[in-house]
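*Asks:* Take a look at the following structure, please.
The values are calculated or read from the model by the stated rules, or taken from the named source; none is laboratory data. Everything quoted here is computed from the prediction, not taken from an experiment. Neighbour counts run over all protein chains shown; Cβ positions are idealised from the backbone, glycine included.
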Amino acid sequence: MLINQKNSELKNIVILATGGTIAGTGEEGKTTNYQAGNLDIQTLISSVSNLDKIANIYGEQIANVDSNDITVNHWLTLANKINELSKQEDIDGFVITHGTDTLEETAYFLDLTVKTSKPVVLTGAMRPSTATSADGPLNLYQSVALAASDLSIEQGCMVVFSDGIYSGRNVQKVNTFKTNAFSSIEFGCLGYMRDNIPYFFNKSIKPHTIDSQFDISKLNQLPKVSIAYFNIDADPSILKYFSQSSEGIVIAGAGSGTFSTKWLQAIESLELKGIPVVRSSRIGSGIILEDDAMDKYNNCIPSYTLSPPKARILLSLALTKTKDYGEIKNIFAEY
Ligand code: SIN
């Protein structure tokens, strides 16, 4: 891909579009009953005023789906494309437009698998493009500005939403309705955007992008990992069921990644089958550390601060490297 350089003073930014509400359309002015993933990338770009004043833009449609329909294939396509294009000297950064429902998952996957220090920024919108309150244009404008900023180099994969800058590792969707829908909760944001200017105050210290050990370039699938949600009286047979089709299991446990005695017993039989079980939590903040009572079997691994969907991504990538419980534990401690 060659960017047709329009203004040699400006950075060249590639926008990879995947769909979501940012590309959604519906009844004029309203926020309800719209269809996500309807506008194509060129229409999306032309709907943002002054974008051409902050960067030269090249847009490519990777998919146009509701982000609940994003698959591993989309992830591999995105990561491979960014890895390939980032080798081009005339490309300075990347923006990915994405539905908000699973945006944090794609952001973390890319944080661990893209091999570039060039900026990679994800964004989306809570309101469709046809709503009076559409938030997509500002989010896209600020994402392009962030991707075009020298301050963004070596920051890992970031998310821009509602004036906030977040790391791919720590970002979470925290509101189902409001436009200010993302946060890194206790870790705080990396910084803020005012118009097109980023102000950084934090840095993610966990390995990412060029420092990450994960290489997906030769993969066309990822090891399957399933998430089992624990609640009072939850049936432990879900663990056996998942073990028949999955190489690893993440438990969205109660409190600090806890579950019942019956679930603990079910985990013992998974140890012999070679299935690692990561203890995460349904709480959404805090840390899960090694615990003698809960980590009674070698296959039990604490998730530290990763949410269940993010622990699922790390476990899946860890399984591309090793099946050894101790080594997987070290990966969770490091990442
Ligand atoms: C989606 O995730 O694709 C739909 C919801 C959204 O983008 O806010």
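*Asks:* Can you tell me which residues in region 90-130 are over 16 Å from the mean Cα position of the chain (by Cα), farther than 20 Å from Asn12 by Cα and surrounded by 23 or more Cβ atoms within 10 Å (Cβ to Cβ)? Before the answer, list the steps.
*Replies:* Applying the first criterion (over 16 Å from the mean Cα position of the chain (by Cα)) to region 90-130 yields 90-93, 116-118, 126-130.
The next check asks that each one be farther than 20 Å from Asn12 by Cα; those that pass are 126-130.
Answer for region 90-130, where residues must be over 16 Å from the mean Cα position of the chain (by Cα), farther than 20 Å from Asn12 by Cα and surrounded by 23 or more Cβ atoms within 10 Å (Cβ to Cβ): Met126, Pro128.
*Asks:* While we're looking at this one, here's another question. I need the full set of residues from region 47-85 which are of a type in the set (S, T, N, Q) and within 18 Å of Lys218 (Cβ to Cβ), in order please. Full working, then the answer.
*Replies:* Restricting attention to region 47-85, the residues satisfying the condition of being of a type in the set (S, T, N, Q) are 47, 49-50, 56, 61, 64, 67-68, 71, 73, 77, 80, 83.
Hits for region 47-85 are Asn73, Thr77, Asn80, Asn83.
*Asks:* Which of the residues spanning region 140-166 are part of a helix (DSSP H, G or I) and of a type in the set (A, V, I, L, M, F, W, C)?
*Replies:* In the first step, residues of region 140-166 are kept if they are part of a helix (DSSP H, G or I); the result is 140-147, 150-152.
Across region 140-166, the qualifying residues are Leu140, Val144, Ala145, Leu146, Ala147, Leu151.
*Asks:* Please determine whether any residue of region 161-175 is out of contact with any helix residue (DSSP H, G or I) (no Cβ under 9 Å at 6 or more places or on another chain) and more than 14 Å from the ligand (Cβ to nearest atom). Don't jump to the end; show me each part of the working.
*Replies:* Here is the first cut: in region 161-175, the ones out of contact with any helix residue (DSSP H, G or I) (no Cβ under 9 Å at 6 or more places or on another chain) are 164, 175.
Filter once more, so that each one left must be more than 14 Å from the ligand (Cβ to nearest atom): 164.
Yes, that holds for at least one residue.
Matching residues to (1) crowded, with 17+ Cβ neighbours inside 10 Å; (2) within 24 Å of Ser204 (Cα to Cα); (3) free of Cβ contacts under 8 Å to residues at least 40 places away in the same chain; (4) in the same structural domain as Val171 (by TED's automatic domain parsing):
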{"position": "Gln244", "(1), (2), (3), (4)": "no, no, yes, no"}
{"position": "Ser269", "(1), (2), (3), (4)": "no, no, yes, no"}
{"position": "Gly274", "(1), (2), (3), (4)": "no, no, no, no"}
{"position": "Gly284", "(1), (2), (3), (4)": "no, yes, no, no"}
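*Asks:* Looking only at helices (runs of 4 or more DSSP H) that fall completely inside region 22-139, which ones have 3 or more residues that are away from the ligand (no atom under 11 Å from the Cβ) and out of contact with any helix residue (DSSP H, G or I) (no Cβ under 9 Å at 6 or more places or on another chain)? Can you show your working first?
*Replies:* On the way: elements: 41-46, 51-54, 72-85, 103-113.
Correct list: 72-85.
*Asks:* Right, here's the next one. Mind listing whichever residues of region 210-237 are farther than 28 Å from Cys157 by Cβ and either surrounded by fewer than 18 Cβ atoms within 10 Å (Cβ to Cβ) or out of contact with any strand residue (DSSP E or B) (no Cβ under 6 Å at 6 or more places or on another chain) (or both)?
*Replies:* Within region 210-237, Asn231, Ile232, Asp233, Ala234, Asp235, Pro236, Ser237 qualify.
Quick grid of which residues meet (1) among the aromatic types (Phe, Trp, Tyr); (2) touching a Gly at 6+ places or on another chain (Cβ under 9 Å):
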site	(1), (2)
Gly274	no, no
Ser280	no, yes
Tyr297	yes, no
Ser303	no, yes
Arg312	no, yes
Gly326	no, no
Ile331	no, no
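*Asks:* Still on this model: Identify, from the list Phe201, Phe230, Phe182, Phe177, the residue that is more than 28 Å from Glu290 (Cβ to Cβ) and touching a Phe, Trp or Tyr at 6+ places or on another chain (Cβ under 6 Å). Lay out the reasoning, then the answer.
*Replies:* Numbers: Phe201 fails: touching a Phe, Trp or Tyr at 6+ places or on another chain (Cβ under 6 Å); Phe230 fails: more than 28 Å from Glu290 (Cβ to Cβ); Phe177 fails: touching a Phe, Trp or Tyr at 6+ places or on another chain (Cβ under 6 Å).
Exactly one of Phe201, Phe230, Phe182, Phe177 is more than 28 Å from Glu290 (Cβ to Cβ) and touching a Phe, Trp or Tyr at 6+ places or on another chain (Cβ under 6 Å), namely Phe182.
*Asks:* Can you tell me which of Thr102, Thr106, Thr123, Thr176 is without any contact (Cβ under 8 Å) to a residue 12 or more places away in the chain and within 21 Å of Lys310 (Cβ to Cβ)?
*Replies:* That would be Thr176, the only listed residue that is without any contact (Cβ under 8 Å) to a residue 12 or more places away in the chain and within 21 Å of Lys310 (Cβ to Cβ).
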